[in-house]
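K.L.:
The structure follows.
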């Protein structure tokens, strides 16, 4: 058996930066790059992404934002208008109701955008830690870790954490991962997880991190 190199986190992130240049950006980072930078838009897109692949979420979100980008515009669309525009996403009816309620609350509070406050975001129906953290990291530039299935799977496969659920992975990474990587870990591991370190049949032989990865449960 070939002895593994020590796990050098800085080198891992350097390599990831180079590798993911070949692949499409993670969905919310792509929307941010396109100019959808309000906390409101990013949160709505993240809600649409739940149980929905980026390949569907991105065109659906663009279509929705082509009709409404602010809370007041979303309210004017109405629940049924929102549902028609996000029909291709999973659970579109429930999501439309949640999106409308968030927009309605903002308008009633005299706001057009959401505040960069974790407690406020988590108080919204349909918003959990993954979306709240992603939005605060991407849209607000705050140090938060967005843990999705890719971040959970890969950090455990590396042996960097040993956890059973994304929620426990989030807690473990908050304890262990240097803050300079908190936002970037999702930006990098989503495309890496979709194209190299996949859930089934990971491409270990062509992975540039194989010498440091423990390849747990591959």
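All of the numbers you see were taken from the coordinates with simple rules; none came from a lab. Note that the structure is predicted; figures quoted are calculated from it, not measured. No Cβ is skipped: glycine too gets one built from the backbone with ideal geometry, and neighbour counts run over all protein chains shown.
K.L.:
Just checking my list [x] 63, 30, 29; [y] 46, 37, 33; [z] 47, 39, 37 against Cα extents along the principal axes in Å computed from this structure; which label fits?
P.N.:
[x]
K.L.:
Among 18, 83, what is the fewest-to-most ranking by other Cβ atoms within 10 Å?
P.N.:
Sorted ascending by nearby Cβ count, the order is 18, 83.
K.L.:
Determine, from the Cβ-Cβ distance of residue 200 and residue 22 and an R0 of 22 Å, the FRET efficiency 1/(1 + (r/R0)^6), rounded to the nearest 0.05.
P.N.:
The pair residue 200/residue 22 has a calculated efficiency of 0.60.
K.L.:
Here's another thing I want to ask about it. Which value in nm describes the separation of the simple spin-label points at residue 112 and residue 87, placed 7 Å from the Cα toward the beta carbon?
P.N.:
It is 3.0 nm.
K.L.:
Normalised by the residues of the chain, what does the relative contact order come to in percent, with Cα pairs under 8 Å and at least six apart?
P.N.:
With pairs under 8 Å counted, the relative contact order is 23 percent.
K.L.:
Provide the gained length on full extension for the span residue 176 to residue 119, in nm with one decimal, where the gain is 0.36 nm per separating residue minus the Cα-Cα distance.
P.N.:
18.2 nm
K.L.:
Efficiency by 1/(1 + (r/R0)^6): what FRET value for residue 5 and residue 94, r their Cβ-Cβ distance, R0 = 35 Å, to the nearest 0.05?
P.N.:
So the FRET efficiency works out to roughly 0.15.
K.L.:
Now for a separate question. Which ordering of 123, 90 is given by a fewest-first count of other beta-carbon atoms within 10 Å? Please report the intermediate quantities before stating the final value.
P.N.:
On the way: 123 11, 90 15.
Ascending number of Cβ neighbours within 10 Å: 123, 90.
K.L.:
For an R0 of 41 angstrom, estimate the FRET efficiency from the Cβ-Cβ distance between residue 165 and residue 104 and round to the nearest 0.05. Walk me through the numbers before you get to the answer.
P.N.:
Numbers: r = 33 Å, r/R0 = 0.79.
Computed FRET efficiency for residue 165 and residue 104: 0.80.
K.L.:
Sorting 142, 130 on the 10 Å Cβ count, fewest up front, what's the list?
P.N.:
With the sparsest Cβ surroundings first, the list reads 142, 130.
K.L.:
Considering only C-alpha atoms, what is the centroid distance from the stretch 90-114 to the stretch 1-78, in Å?
P.N.:
20
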